[in-house]
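Notes follow the structure.
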Amino acid sequence: MTSRREARRAAVFMLFQWDVTGRPLGSLFEGDVDPFTRDLAEGVAKRAQELDARLTAAAIGWPADRLGAVERNVLRVALFELDRGEPPTEVVIDEAVRLTKRYASDEAARLVNGILGRIAREAA
């Protein structure tokens with residue numbers, strides 16, 4: 001069984017590939033895919049346009065299509081999880097920031113933190 005952190009990372013990688021290549025998401029599943037990873041990736045892909053519209057609204061002056069593919073997909077996964085109400089908001093934001101720092105940059109992580117923080121405050 002894969003940890004939730006590893007599953008999120010795998011979902012972001014799949015969504016990144018889906019986003020930049022335009023290939024069907026199902027064609028990117030290789031081998032045994034953790035059910036949580038599959039659930040996240042498929043859920044985000046189905047709702048990508050809606051999630052992007054919400055991210056664009058929260059990232060004042062910074063449309064989702066201008067974000068880097070890593071940041072955009074980290075944000076999509078995080079917003080999808082926030083909508084589900086689990087794990088706690090702080091965990092979702094922390095995981096998103098960690099992934100962004102690791103695979104993008106500290107500056108991108110600050111942007112991700114700011115967008116998710118705004119979304120969380122508005123939802124409260």
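Annotations
- Protein heavy-atom accessible surface, 1.4 Å probe, per residue over the chain: 55 Å².
- 19 Å tail of the calculated P(r), the chain, as % of Cα pairs: 41 percent
- CD proxy at 222 nm, helix term only [per DSSP H run n ≥ 4: -39500 (n - 2.57); per residue of the chain; nearest 500]: -24000 deg cm²/dmol
- Crossing angle, helix 35-46 versus the chain [Cα axis fit, 0-90 degrees, rounded to tens]: 60 degrees
- Peptides 7-16, 30-39 ordered by average Cβ neighbours within 10 Å, highest first: 7-16, 30-39
- With every protein chain in place, the chain: carbon and sulfur % of accessible area (1.4 Å): 50 percent
- Computed from backbone phi, the HN-Hα couplings of region 81-97 come to 5, 4, 5, 7, x, 8, x, x, 3, 4, 5, 4, 5, 4, 4, 5, 5 Hz, rounded to whole numbers (Karplus: 6.51 cos²θ - 1.76 cosθ + 1.60, θ = phi - 60°; Gly and Pro given as x).
- Protein-only accessible surface at a 1.4 angstrom probe places the residues Glu42, Glu122, Glu71 in the order Glu122, Glu42, Glu71, largest first.
The values are calculated or read from the model by the stated rules, or taken from the named source; none is laboratory data. Source: prediction; values computed, not measured. Every residue, glycine as well, gets a Cβ built from its backbone with ideal geometry; the counts of neighbours run over all protein chains shown. Areas reflect the complete protein model, heavy atoms only, side chains present, ligands, DNA and RNA absent. Shrake-Rupley method; radii C 1.70, N 1.55, O 1.52, S 1.80 Å.
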